[in-house]
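Scroll down for the structure; my scribbles are underneath it.
The values are calculated or read from the model by the stated rules, or taken from the named source; none is laboratory data. Only a predicted model underlies this, so the values are computations on that prediction, with no experimental measurement involved. Cβ coordinates were reconstructed from backbone atoms using ideal geometry, including for glycine residues, and neighbour counts include every protein chain displayed.
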Amino acid sequence: MKIYYFPMACSLADHIALQEAGVEFESERVDLGTKLTASGRNFREINAKGYVPALELDNGEVLTENIAILDWIASQFPKLGLPGEMGRTRLIEALTYISTELHRSFKPMWSSGSEQEMAEARAAILMRLEFLSEKFRGDYMFGENPSVADFYLFVMLLWAERYMLDVPKQLAIFRERMKSRAAVRVVMALEGLI
Ligand SMILES: N[C@@H](CCC(=O)N[C@@H](CS)C(=O)NCC(=O)O)C(=O)O
């Protein structure tokens with residue numbers, strides 16, 4: 001399978017999840033401006049939506065959307081999901097919050113919003129991070145092991161760092177913990193982030 005990514009974009013979460021799963025996979029960088037992949041393919045032929053992440057499965061099917069891809073990875077590699085009858089539902093609940101509330105809140109930061117829009121975005125991001133920090137159940141969101149939701153949250157915290165947001169202390173510690181994981185270091189090096 002192959003993950004299509006752009007360095008430090010939300011696709012980093014899926015990229016890390018595959019590395020943490022310990023599965024063999026390929027990765028290919030996409031130029032989001034030209035919509036060309038590193039090997040020169042028109043990315044829109046792979047994902048007509050034109051954005052990352054896209055995960056090409058071994059049977060040729062292409063999965064898009066972070067929530068769907070991360071849910072699929074957790075279903076294939078249960079150590080990256082949550083156990084129990086409500087596990088999958090709780091995981092999707094967390095992924096949806098990160099995607100539709102937190103990820104979306106960053107939009108004014110990269111689309112050069114007005115000063116007021118940026119201030120509102122900063123406040124919304126910090127409120128949502130505060131909410132998540134209060135829900136932590138251990139070193140990771142749901143206990144002592146990371147799930148795919150932690151990888152997505154980690155990317156949001158890297159963005160917060162890039163925009164110099166002063167995140168709750170527990171999340172700053174979590175971000176450093178994530179950065180020190182072997183799989184995370186491998187992927188960050190491959191994406192040219194360290
Ligand atoms: N709804 C998509 C959004 C993905 C998304 O926002 N991708 C960004 C990078 S973080 C992107 O590729 N933007 C480039 C573009 O839209 O042209 C998802 O949740 O996967």
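With respect to ASP31, is the statement that it is in contact with a strand residue (DSSP E or B) (Cβ under 7 Å, 6 or more places away or on another chain), within 12 Å of the ligand (Cβ to nearest atom) and among the acidic types (Asp, Glu) true?
No; evaluated as a whole, the condition is false for this residue.
Going through segment 14-24 one residue at a time, which ones are crowded, with 18+ Cβ neighbours inside 10 Å and farther than 12 Å from ALA183 by Cβ?
If the condition is that a residue be crowded, with 18+ Cβ neighbours inside 10 Å and farther than 12 Å from ALA183 by Cβ, then ASP14 is the only one that fits.
State yes or no: is ARG122 crowded, with 18+ Cβ neighbours inside 10 Å and among the charged types (D, E, K, R)?
yes
Residues ARG104, ARG44, ARG88: which one is closer than 22 Å to VAL148 by Cβ and within 12 Å of the ligand (Cβ to nearest atom)?
On the way: ARG44 fails: closer than 22 Å to VAL148 by Cβ; ARG88 fails: within 12 Å of the ligand (Cβ to nearest atom).
It is ARG104.
Say whether the condition of being free of Cβ contacts under 8 Å to residues at least 40 places away in the same chain and within 13 Å of the ligand (Cβ to nearest atom) is met by at least one residue in segment 20-28.
The answer is no, given that none of the residues of segment 20-28 is free of Cβ contacts under 8 Å to residues at least 40 places away in the same chain and within 13 Å of the ligand (Cβ to nearest atom).
State yes or no: is ASP58 out of contact with any strand residue (DSSP E or B) (no Cβ under 6 Å at 6 or more places or on another chain), crowded, with 17+ Cβ neighbours inside 10 Å and outside any strand (DSSP E or B)?
no
Would segment 58-69 turn up any residue that is under 28 Å from ASN145 (Cβ atoms), in the same structural domain as PHE6 (by TED's automatic domain parsing) and more than 12 Å from the ligand (Cβ to nearest atom)?
Within segment 58-69, one or more residues are under 28 Å from ASN145 (Cβ atoms), in the same structural domain as PHE6 (by TED's automatic domain parsing) and more than 12 Å from the ligand (Cβ to nearest atom).
Please verify whether SER39 is free of Cβ contacts under 8 Å to residues at least 40 places away in the same chain, small (Gly, Ala, Ser) and under 20 Å from TYR5 (Cα atoms), treating the condition exactly as stated.
Answer is yes for this residue.
Within segment 125-158, restricting attention to residues that are within 16 Å of the ligand (Cβ to nearest atom) and in contact (Cβ under 8 Å) with a residue 60 or more places away in the chain, which residue is surrounded by the fewest Cβ atoms within 10 Å (Cβ to Cβ)? Before the answer, list the steps.
Filtering segment 125-158 for residues within 16 Å of the ligand (Cβ to nearest atom) gives 125, 128, 148-149, 151-158.
Next, from what is left, pick out any that are in contact (Cβ under 8 Å) with a residue 60 or more places away in the chain: 148-149, 151-152, 154-155, 158.
Numbers: VAL148: 29, ALA149: 29, PHE151: 29, TYR152: 27, PHE154: 23, VAL155: 23, LEU158: 16.
Among them, the one singled out is LEU158.
Hey, ASP14 hits all of (1) within 13 Å of the ligand (Cβ to nearest atom); (2) without any contact (Cβ under 8 Å) to a residue 12 or more places away in the chain but one; which does it fall short on?
Of (1) within 13 Å of the ligand (Cβ to nearest atom); (2) without any contact (Cβ under 8 Å) to a residue 12 or more places away in the chain, only one is false for ASP14: (2).
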